[in-house]
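The values are calculated or read from the model by the stated rules, or taken from the named source; none is laboratory data. This structure is a prediction, so every number in the text was calculated from the model and none was measured. Because the Cβ atoms are built from the backbone with ideal geometry, glycine has one as well, and the counts that use them run over all protein chains shown.
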Amino acid sequence: MVRENLVPHTQVVLSLENGELAKLTPLGVEVYNFAGVPLNKYPRTLSWNPVLIEKQGFKHFMLKEIHEQPRLIRASLDTYLNYDWYPTNSSEMPIKLGLPAGLLEDLEQIQIVACGSSWHAGLVGKYLLEQIAGIPTMVQYASEFRYAPPPLTANTLTIGVTQSGETADTLAALAMEQQRLTNQQSRFQLRLLGITNRTESSLAALTENIIDIHAGIEIGVAATKTYTAQLLAFYCLALDMSYRRQVLPLMRLETILNGLRQLPALMESVLEVQEDSIQKLADQFTDTQDVIFIGRGINFPVALEGALKLKEISYIHGEGYPSGELKHGPIALLDAKVPVVTIAQPGSVYEKVLSNAQEAKARDAHLIGITPRNNSETAEAFDQLIPIPEVEELLSPMLTVIPLQLLAYYAAAYRGLDIDQPRNLAKSVTVE
Ligand code: M6R
């Protein structure tokens, strides 16, 4: 039983480690190891309050969790940003992640392992770590990494991203890396970091270096608030490393920090302004069987996330693609029955994305644009617009994902599906 389901019944838990078993007797619980030796184990109290697992007026937990995002991001910013820092105040650090200094020193490379939405967050993280902190970063599915790990290299930080802290493949990938690095023949130092919503999960048994995303219990199987909270963790990590390594000019760093502080209000405005029109748009997906999501650069992972959200809860096939790749194959799928949801964020790839959208439109596809621009150019490229506030490209994934979460939610709601418990899926995948 996952912890969310336990909380209404009890908050006191006694967790078993691998290799332990419990015997329930009329007098209580006895715990043994597999050799039959009795163990002294002490229960602990979960910090989660049962009120947190009520729908609070929302029809589904997923919708509630989508709406919680601005508040949670605001709280995380308050936790992790140092409001006393400014560019000429070198006695303060801009970010307070509480990680041991040695963990991030002299890094030459980062590898991120994760699954599902956490993997998508890792892809955005790669973009941020490379563009803000200048560190080469690779992102691997944990389930693939385990069977084809890259050669060990010096000064490499391995980051496991898992909201639950219990995903078997992610844990196994990290454990394997731990073993490879502590092997006597390895010349390299072990550096592990976890990004999670569960600081007391199995992930914590692997590493003490944790960034807590502070998203509160997420009941909906589809990750929403934990995804944006993971993104925020990557923004903080990338900015912290940029400062330590003196990569970006301090004024630029300050601009990004100020931009981050604006995000919660902008997320609120997307929810307030767009929810009704996205619901109407989703209602048009009655006979839709396939939806293509395209984006480029930092918004390519957001396209992947939009497609995953749609398929896992509405059972409509969604495919996320970098828009420049459309013409290398997927364009053959397009016709008037296939909506193409396009993230067109002004910045380095904006014109390219618009021209990719035009290519899709020329194949009769129905083009839906998520963009802050409402002008003749976007009117020409898109049949329907979902306007979002304009922020700099680097920060845009925090906003562009919200319409996609709502689109998936309302497409599934229109079909009367069990949104919080979609078929065949579990909240934590604890088997390989
Ligand atoms: O708990 P984790 O972050 O490790 O979970 C990883 C995936 O199982 C998870 O993101 C899954 O893809 C979600 N259902 C996505 O909405």
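Structure values in brief
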item	result
Residues within the range 107-146 that are at pLDDT 95 or above and more than 21 Å from Ser242 (Cα to Cα), tallied	14
Flag for Leu171 being at pLDDT 95 or above, of a type outside the set (Phe, Trp, Tyr) and either more than 16 Å from the ligand (Cβ to nearest atom) or under 27 Å from Thr371 (Cα atoms) (or both)	no
Lone unmet requirement of (1) modelled with pLDDT of 95 or more; (2) within 16 Å of the ligand (Cβ to nearest atom) for Ile217	(1)
Index of the failed condition, Arg191 passing every other in (1) modelled with pLDDT of 95 or more; (2) within 18 Å of the chain's Cα centre (by Cα); (3) of a type in the set (D, E, K, R)	(2)
The range 405-432 - residue that is without any contact (Cβ under 8 Å) to a residue 60 or more places away in the chain and away from the ligand (no atom under 12 Å from the Cβ) and, of those, surrounded by the most Cβ atoms within 10 Å (Cβ to Cβ)	Asp418
Answer residue from the range 226-247, given it is away from the ligand (no atom under 16 Å from the Cβ) and hydroxyl-bearing (Ser, Thr, Tyr) and is surrounded by the fewest Cβ atoms within 10 Å (Cβ to Cβ) among those	Tyr243
Lone qualifier among Glu177, Glu218 - being crowded, with 22+ Cβ neighbours inside 10 Å and either touching a helix residue (DSSP H, G or I) at 6+ places or on another chain (Cβ under 6 Å) or farther than 28 Å from Ile95 by Cα (or both)	Glu218
Those residues of the range 292-316 which are over 15 Å from the mean Cα position of the chain (by Cα) and either among the aromatic types (Phe, Trp, Tyr) or more than 16 Å from the ligand (Cβ to nearest atom) (or both), in sequence order	Ile292, Phe293, Ile294, Gly295, Arg296, Gly297, Tyr315
Any hit, the range 157-167, residues being closer than 29 Å to Glu218 by Cα, away from the ligand (no atom under 16 Å from the Cβ) and without any contact (Cβ under 8 Å) to a residue 60 or more places away in the chain	yes
Complete set of residues in the range 274-292 that are loosely packed, with under 14 Cβ neighbours inside 10 Å and of a type outside the set (Lys, Arg)	Asp276, Asp283, Thr286, Asp287, Gln289
Filtered residue count, the range 102-126, keeping only those that are crowded, with 24+ Cβ neighbours inside 10 Å and more than 16 Å from the ligand (Cβ to nearest atom)	1
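Yes/no matrix, rows are residues, columns are (1) within 16 Å of the ligand (Cβ to nearest atom); (2) touching a residue at least 60 places away in the same chain (Cβ under 8 Å); (3) touching a Gly at 6+ places or on another chain (Cβ under 7 Å):
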residue	(1), (2), (3)
Gly324	no, no, no
Ile331	no, no, no
Val341	no, yes, yes
Leu354	no, no, no
Ile370	no, no, no
Asn375	no, no, no
Asp383	no, no, no
Pro389	no, yes, no
